[in-house]
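Quick notes on the structure that follows.
The numbers here are math on the coordinates, done by the rules we state, and not lab data. Being a predicted model, the structure only gives us computed values, none of them experimental. Cβ: placed from backbone, ideal geometry, glycine included. Neighbour counts: every protein chain shown.
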């Protein structure tokens, strides 16, 4: 019996891995020989010797590692250490980073690189290895087992939930994507669907666990409208506090689905919607199929429902999109008023069509993961640095649900375009681990100098935002107001809330109005606390 460790190196502690648990159960179902499989989950933030120790305690004969762009940078050092500590162990890599770049990883210490779907390929590999086979260092999956796809393995075992705790959990209802986006590894792959009964059973199991968020890994969840409707209907009807996160195409939502989504309990559903660009030449060059006008209409409809968390994505660096074009698209996206506007950067992934075209398009990118664009004929290195500054400001304010009143007030009173404002804010007030109370003061100092901004109004907005978004942080200077009206506001707050209030839970605004927060009442969609204002 071979002793096997399946290792996942996640990006953050709050993340979990689905793939290693699926593969572990694949070994149980499909291996013809017995194998003792243990799953180990670590993060890229742990020292590699600590990760190695988690593996070595199992004294494995075979170590299988899932490779992705988020862990590829730490894998070479980890492979070296595992080789030093366990010279006889077989090191096997799978996942998109390895299977699309075999030679690199074979030279960096892997004994084998596996292709194909892990729950089918890995059991074959283990059996062949145990029988003295697997001479080929790059191993492709056979199709025979994949015919069993209609009865997928169930990764949600007792051991899985014991390891999961309250972290994010993942589920898949389908694999593949019907679209051809040239920056994506799933481009044009056949879409295969898991049986709905199986999906619903797994949803129910996860909803009864300690996980707070269940994320569907389907690349375009709603590419089949009828299936999407049925799953949405099921999660909406559950008696659970879990949130369900879907990657969806806004232009594919039909009217029945939109009507159904109106009935979702607040916070039950989250959507991540990839717009990527508003610039037609960039969309065409990237083979990105989207009805952008319909997508905008649907996003505005969903946002008006106020019961669904909406996250939209843009990609900077797509072919033919210059800085001015991207800025126009950013402003257009910002006007949709979603909870998150993610400004991402083009990554030239191994195995993607766009990476193959990069030389012809004269796109320069980092040779190290995550292979991010450095410059192109349409974006200079200076342009990208400007975009990075805008992204920094956006990420630490709006995308975290912070300073929303300040942003609205400043953009309205100054008439600045959103991209221009965030670029300037990011340049003037970079946030690289700044304490939140210090960052708030820096934002105030930057904004108060802008033409059209009134100091008192700005301070009131900042006070309002701070109370609604913060719990357990130090009190910043703008809340240390010793107005004679504080006692009266505290009395009103305690009468309204039915308990004593702390100094940092109420304030007197520059306008003379009182303000206090109910920290027991947090909006399930925005995460903000309820604010009361009194005369």
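Residue 491 versus residue 226, label points 7 Å from Cα toward the beta carbon: distance in nm?
6.7 nm
Using Cα-only point scatterers and the Debye equation, what is log10 of I(q)/I(0) for region 436-534 at each q in 0.12, 0.14, 0.20, 0.21 Å⁻¹, rounded to two decimals?
-0.38, -0.52, -1.02, -1.10
Figure the gain on full extension for residue 368 and residue 14 (residue separation times 0.36 nm, minus the Cα-Cα span) and round it to one decimal in nm.
Numbers: separation 354, 0.36 × 354 = 127.44 nm, distance 2.49 nm.
Result: 124.9 nm gained on full extension.
Based on a Kirkwood Rh over C-alpha pairs, give the Stokes-Einstein translational diffusion coefficient of region 219-359 at 20 °C and viscosity 1.002 mPa s in µm²/s.
On the way: Rh = 16.0 Å.
Here the translational diffusion coefficient equals 134 µm²/s.
Find, to one decimal place in angstroms, the Kirkwood hydrodynamic radius of region 368-408, where the mean of 1/r is taken over every pair of different Cα atoms and then inverted. List each step's numbers first, then the result.
Values: mean 1/r = 0.0841 Å⁻¹.
Its Kirkwood hydrodynamic radius stands at 11.9 Å.
Would you mind pulling out the separation of the Cα centroids of region 331-356 and region 502-535, in Å?
35 Å
Counting each DSSP H run of 4 or more residues in the chain as -39500 (n - 2.57), what helix-only mean residue ellipticity at 222 nm follows after dividing by all residues, to the nearest 500 deg cm²/dmol?
Details: 21 runs with 216 residues, N = 535.
After summing the helix terms and dividing by the residues of the chain, the value is -12000 deg cm²/dmol.
Which value, in nm² and rounded to one decimal, describes the direction-averaged projected area of the C-alpha convex hull of region 2-148?
Numbers: hull surface 31.8 nm².
The Cα convex hull of region 2-148, projected and averaged over all directions, gives 7.9 nm².
Could you tell me the distance between the Cα centroids of region 30-61 and region 288-314, to the nearest Å?
41 Å
Please check which bits of region 244-276 a label hung off residue 301 would reach, taking the label as a point 7 Å along Cα-to-C-beta and the cut-off as backbone N under 11 Å.
The answer is 251-262, whose backbone nitrogens lie closer than 11 Å to the label point.
How far apart, in nanometres, would the label points at residue 233 and residue 522 be if each is projected 7 angstrom from Cα along the Cα-to-Cβ direction?
Modelled inter-label distance: 3.3 nm.
For region 217-286 and region 367-446, write down the distance between their C-alpha centroids in whole Å.
A separation of 28 Å, based on Cα centres.
So for the chain, considering every pair of alpha-carbon atoms, how many percent are separated by more than 40 Å? Intermediate values should be presented prior to the final figure.
Working: 45366 of 142845 pairs.
Here the tail beyond 40 Å accounts for 32 percent of pairs.
May I ask you to compute the full-extension gain from residue 57 to residue 380, defined as 0.36 nm times their residue separation minus their alpha-carbon distance, rounded to one decimal in nm? Mind dumping the intermediate values first?
Working: separation 323, 0.36 × 323 = 116.28 nm, distance 4.90 nm.
Working it through step by step, the gained length comes to 111.4 nm.
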